Amino acid sequence: MKAVLRIAAQFALYLPLMLLIGVFSTWPRFQVIAPGEALVRVSMTHAGARKVACRTRSAAELAKLAPNMRNPQDCSRERAALVVELEIDGALAWRTEAQPAGLQRDGASTIYHRMTLPAGRHRIVARLRDTADGPFNHVREAVLELPAGAALLIDFAADKGGLQFRT
Amino acid sequence: MHALDAAFVRLERVFDRAFGAAANPLRHLGTLGYLMFWLLALSGLYLFIRFDTSIDGAYASIGRLSDAEWWFGGVLRSLHRYASDAFVVVVALHLLRELAAGRFRGFRAFSWISGVPLLWLLYASGVIGYWLVWDARAQFSALATAEWFHALGIGAEPMVRNFLGAEAVPNRMFSLFVFLHIGLPLALLAGMWIHVQRLGRPRTLSPRPLLAGFTAMLLALALALPAASEVPWDSARVPVSVAQDWFLLFWQPLMYATSPLALWAILGGATAALVVLPWRARRPALPAAVVSPQNCNGCGRCVDDCPYQAVLLAPHATKRGAFQAVVMAERCAACGICAGACPSSTPFRADADLVSGIDLPGLTVNALRARLEAALGKLAGDGRVVLFGCEGGPALGALADARTAALTLPCLAMLPPSFIEYALRSGAQGVLLAGCAPGECRYRQGLEITAERLAGAREPHLRASVPRARLWQAGDRVQDAAGLRESLAGFRTALKALGAPPPTRPKRARVAS
């Protein structure tokens, strides 16, 4: 009888643990984005133009250099920061400036940003400037129908024509 | 912390009634962690055999396990899921229990600190396991993890870009996840091995009733609530909501509720706090055991019995070819178990100044003998009992009277069995041992070692000629003052029935008197 009671007590103590694990392994569901919303991600890795343009060395300058160092172009390493703007339905939704990586700031700039939008039709304009100054030299504009739960990726691929909208 | 410790003690005693102290899950949280690991390893082995390690095939292969083979593969899949959650639960309780009991400082610091990276390895193993299902939960979790790492700004190509397009995740990367889901648990196992390296005779196997009970519980859960996948991973969509595993993936919603950097600060700060805790909460260490090379014969019993691997054998200081014990002071708990194990710790030695091969400066064997002799000298009347207790056990002071001598040791296993015989031959009619409650030994194995010595299963053993009827051990109610008093009264009644012991006073006691 005592053994039966002990087994019953053990079962009574296992049960809460079983419930705890069973319930919280899947519940409550986590709402990643609100129903009726879509997600826009801006993600790009791109090296900007050189901050200072290359200069051609004179013959006298080249002569002073060791033979293996006679590069006709003298280029600084530092690259321009990327400036990105996102305009949605005529309003500026987001803007950032990403510095190049590296101690000499000679690496690629990396941008990652996520934002939600109400599902529906939106006019989206993405602008990128990868030079030290001047206007935005890459612009892409599109009117997109974004259903609820859709993911729009805005990327940059120089070999594919610049800014990309991918859904 | 005291309130938490008291709550744990109360809960442990409730569980003792149902499971018994020897198989109480709250007293075996560490071994339960090992049990969960092996359940995961065994179930994972089968899942790996049936798993298609490619982006296109992974989701379907897991789905087939749950649908076509629900009775075996599906159950193992669910068991794998629930064992990982149970692993988190027992590890969290293990951490809280040790923290509440203050078992993280001094000689325990190594075990504490080596346990901290295991938390990260456990989570890393579990999180990557969820990615292998390649469903919406995997998509959310992988992106969230990548965004978290992206916040650190490490690496030229951010990890998050690997998951943003269907074509961006090659099969080779998926193979990397599979590799990590095997490699990280192996690293976890190695860490678990290191974690117990400073423990003498570490227990990594759960008692059978727990092994059976936990396995049955997880199997029942697997059958009642089979684990299910979410919809397949779709890079063109965002999972609007996911069935979140709040044990393993709780930190991802926390990150979106705060920020990736805030999450790094929270988890990094918590990790740093756990690591520095042994130093921040440091207490003066008790004087470590010392070895007397002249009295040490290198038998190695203290090495075997030390619960924290603080004693080792080294070449003898003066005797060529012989060995002696050496104490690593920083690991010594000052429990005195080594002194209790030493063959030279016998009170029958005629030396006026008894020096043991290994001794505790705070309470030498010589001082213990002197205290015992002084207490025996004061005993009078019928039913004379010597009560030996330990610092982790009940307070014995209130029980001392003309018929009861009460002596408290750091640990009951510090008591060489010869002291029991010595007490019985020096005027005591009975010896009552009242150590910690079963399962609550402050120094892990004091009760076990004492029981083995008394049963003759461990050296130094209690001689067969010692009348066992004159030796009692307080039962499960030892921590309860009334229970101990009852035990003492019951012992006296039993002693009365035995009559007076034969007059066999040891030579040394006769000389002393």
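Since every read-out is calculated from the coordinates, none of them should be taken as a lab result. Quantities reported herein were computed from a predicted structural model and do not represent experimental measurements. Heads up, the Cβs are rebuilt from the backbone with ideal geometry, glycines too, and the neighbour counts pull from every protein chain shown.
Orientation-averaged projection of the protein assembly as shown equals 43.9 nm² [convex hull of Cα atoms, one quarter of hull surface area].
In this simple spin-label model, placing a label point 7 Å from the Cα along the Cα-to-Cβ direction at both B:Asp56 and B:Ala455 gives a separation of 6.2 nm. Between A:Arg95 and B:Ala350, the FRET efficiency from the beta-carbon distance, with R0 = 56 Å, is close to 0.05. Each residue, B:Arg463 and A:Arg105, gets one label point 7 Å from its Cα in the Cβ direction; the gap between the two is 8.9 nm. Along the axis of the charge dipole computed for chain A (Cβ charges of +1 for Lys and Arg, -1 for Asp and Glu, origin at the Cα centre), the listed residues A:Val125, A:Leu5, A:Ser76 are led at the positive end by A:Leu5. Under the simplified labelling scheme, the B:Ala101-B:Leu152 pair shows an inter-label distance of 3.4 nm, with each label point 7 Å from Cα along Cα→Cβ. Per residue of peptide A:5-14, the mean number of Cβ atoms on other chains within 10 Å of the residue Cβ is 5. Note on the protein assembly as shown: with charges restricted to the Cβ of Lys and Arg (+1) and Asp and Glu (-1), its dipole about the Cα centre is near 2660 debye.
Partner lysines whose Cα lies under 22 Å from the Cα of B:Lys378, excluding those fewer than 8 positions away in the same chain, are identified as B:Lys496, B:Lys507. Ordered from longest to shortest, the equivalent ellipsoid semi-axes for region A:22-147 are 45, 20, 9 Å, each the square root of 5 times a Cα gyration tensor eigenvalue.
Where only DSSP H runs of four or more residues are counted, chain B gives -16000 deg cm²/dmol as its mean residue ellipticity at 222 nm, each run worth -39500 (n - 2.57). Think of the protein assembly as shown as having a plus end and a minus end, set by charges on the Cβ of Lys, Arg, Asp and Glu; of B:Ala92, B:Ala281, B:Val291, B:Val291 sits farthest toward the positive end of this dipole. Look at A:Lys2, A:Lys51, A:Lys64, B:Lys319 and count the other Cβ atoms within 10 Å of each Cβ; fewest to most, that gives A:Lys2, A:Lys64, B:Lys319, A:Lys51.
Of the residues B:Ala350, B:Ile154, A:Gly36, the one whose Cα sits farthest towards the positive end of the charge dipole of the protein assembly as shown is B:Ala350 (charges of +1 on Lys and Arg Cβ, -1 on Asp and Glu Cβ, taken about the Cα centre). Ignoring aspartates and glutamates fewer than eight residues from B:Lys319 along the same chain, none have Cα atoms less than 15 angstrom from its Cα.
Treating only the Cβ atoms of Lys and Arg (+1) and Asp and Glu (-1) as charged, compute the dipole magnitude of region A:62-124 about its Cα centre; round to the nearest 20 debye.
180 debye
Rounded to the nearest 20 debye, the dipole size of region A:76-167 about its Cα centre is 120 debye, using +1 on the Cβ of Lys and Arg and -1 on the Cβ of Asp and Glu.
Note: relative contact order over region B:73-216, using C-alpha pairs below 8 Å and six or more positions apart, is 28 percent.
Using the number of other C-beta atoms within 10 angstrom as an exposure proxy, rank B:Cys302, B:Cys441 with the fewest first. Spell out each step's value before the answer.
Details: B:Cys302 27, B:Cys441 23.
Arranged by neighbour count, lowest to highest, B:Cys302, B:Cys441 become B:Cys441, B:Cys302.
The order of B:Met414, B:Met192, going from fewest to most other C-beta atoms within 10 Å of their C-beta, is B:Met192, B:Met414.
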